[in-house]
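The values are calculated or read from the model by the stated rules, or taken from the named source; none is laboratory data. Since the model is a prediction, treat every value here as computed from it, not as a measurement. Here the Cβ is made from the backbone with ideal geometry for all residues, glycine too, and neighbour counts use every protein chain on show. In case anyone asks, the SASA skips ligands and DNA or RNA and just uses the protein heavy atoms, side chains included. Shrake-Rupley method; radii C 1.70, N 1.55, O 1.52, S 1.80 Å.
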Amino acid sequence: MKELFINKENRRISNIISFFFFAFSFLFVIFVNVLVANTQPSVPIGLYIKTGNKNLKKGDIVVFRLDEKYNKFYNSKNNLQPMKTIQATSDDIVFIKNNQIYVNNESFGEILPIGVKADSLKIKKDCFFLLSKKKNSFDSRYYGQVCKKDIYYKTKLLYEWKGSIYAR
């Protein structure tokens, strides 16, 4: 009788461990494949959900491929891919005046003398300017337009970390 009790207890513990392992694995897969964290202050710091890359428009927050030649300028915390907001499309006018970058007469701040700047301010079809009004943002004012083929997915803010150490 005692052996039967021990076997039932062991089976129960084994089932609990299996359940937690399955639940952890399930949540890990969801986090890796559906969620993305942002620690860069050019868009709200927080947890985002991936939503594909169709129907991109101004205001969408996107994760994209940045050319390796800009790695020394991009401040990547935890090796995360860059995330920025689409602020201009081929229908918009982007220009520089008095060392400030503008989209349709709206200022997005100054251009710092860091040794790189966008090659062209003319945006091609299916390409975008990704800009932030946050000071010291490394964005399209330096690396130029980002085309749809280089955008992995757009995101939607799920949870914002307001007291984060990254929000400073």
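Number of residues in segment 92-121 that are in a strand (DSSP E or B) and closer than 22 Å to residue 55 by Cβ equals 2.
Checked against the criterion of being modelled with pLDDT of 90 or more, within 11 Å of the chain's Cα centre (by Cα) and within 20 Å of residue 112 (Cα to Cα), segment 60-82 has at least one qualifying residue.
Can you find a residue in segment 52-61 that is under 22 Å from residue 37 (Cβ atoms) and without any contact (Cβ under 8 Å) to a residue 40 or more places away in the chain? So far as segment 52-61 goes, yes, one or more of its residues are under 22 Å from residue 37 (Cβ atoms) and without any contact (Cβ under 8 Å) to a residue 40 or more places away in the chain.
Yes or no: residue 118 modelled with pLDDT under 85, open to solvent by less than 20 Å² (accessible area, probe 1.4 Å) and either small (Gly, Ala, Ser) or over 22 Å from the mean Cα position of the chain (by Cα) (or both)? So residue 118 fits the description; yes. Give me a count of the residues in segment 122-157 that are open to solvent by 50 Å² or more (accessible area, probe 1.4 Å) and either in a loop (DSSP other than H, G, I, E, B) or at pLDDT below 90 (or both). Result for segment 122-157: 8.
For segment 37-75, filtered to residues that are surrounded by 17 or more Cβ atoms within 10 Å (Cβ to Cβ) and of a type in the set (Val, Ile, Thr), the residue that is nearest to residue 134 (Cα to Cα) is 43. Under the condition of being touching a Ser or Thr at 6+ places or on another chain (Cβ under 9 Å) and not small (Gly, Ala, Ser), which residue from segment 137-160 is farthest from residue 48 (Cα to Cα)? Within segment 137-160, the match that is farthest from residue 48 (Cα to Cα) is 145.
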